[in-house]
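Some notes on the structure that comes next.
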Amino acid sequence: MTGKTRFAVVPASYVFLLRETGRDGTEVLLQLRRDTGYMDGHWAAAAAGHVERGETAEAAARREALEEIAVEDLDLAFATAMQRTAHDLPIDERIDFFFTARSWSGEPRIVEPAKCADLRWFPLAGLPSPVVPHEAVVLAGLLRGDLAALTHHGF
């Protein structure tokens, strides 16, 4: 094999909590990232994180939701898998598993204030700025209702 370099894919799971409102339609819960070293100052999924060794993507989504926003018993629905790249280091090759949840137990709250400056509901049709770019792709697909099972970013 000449000229090709193998890389390790870094998996992560994301959870978009969704709710229906009479006036704004579907709303999504987003967190404002701070002091994480990645996309600080951007709005992002309320719960997200790396899939740990031996853990399924669904289990990671549930764990992150409990650790980051104190909700559990999520009724997870698979939204899309996204392959993305930054064309740089091997760690920049990613596979992201996006889930939505329309029901859960507990009231979402900030559990890690050192990493999360704010937690707020926004209409899918009226997102704040800026949103993490690859997550904005998924949110736009959810709004349009045409999100593919496999999406790409950075290619």
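A short reminder: the numbers here are calculations on the coordinates, not readings from a lab. No experiment lies behind these values; they were computed from the predicted model shown. All Cβ positions, glycine included, derive from the backbone under ideal geometry; neighbour counts span all protein chains shown.
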*Compare the Cα positions of 80, 117, 59 along the charge dipole of the chain (+1 at Cβ of Lys, Arg; -1 at Cβ of Asp, Glu; about the Cα centre) and return the one farthest towards the positive end.*
80
_Rough spin-label spacing in nm, given labels placed 7 Å along Cα→Cβ, for residue 102 and residue 38_ = 2.9
*Quick one: what are the phi-derived ³J(HN,Hα) couplings along the stretch 23-36, Karplus 6.51/-1.76/1.60 with θ = phi - 60°, whole Hz, x for glycine and proline?*
8, 10, x, 7, 10, 10, 8, 10, 10, 9, 6, 8, 6, 9
*Quickly rank 7-19, 139-151 as a protection proxy: mean count of other C-beta atoms within 10 Å, highest first.*
7-19, 139-151
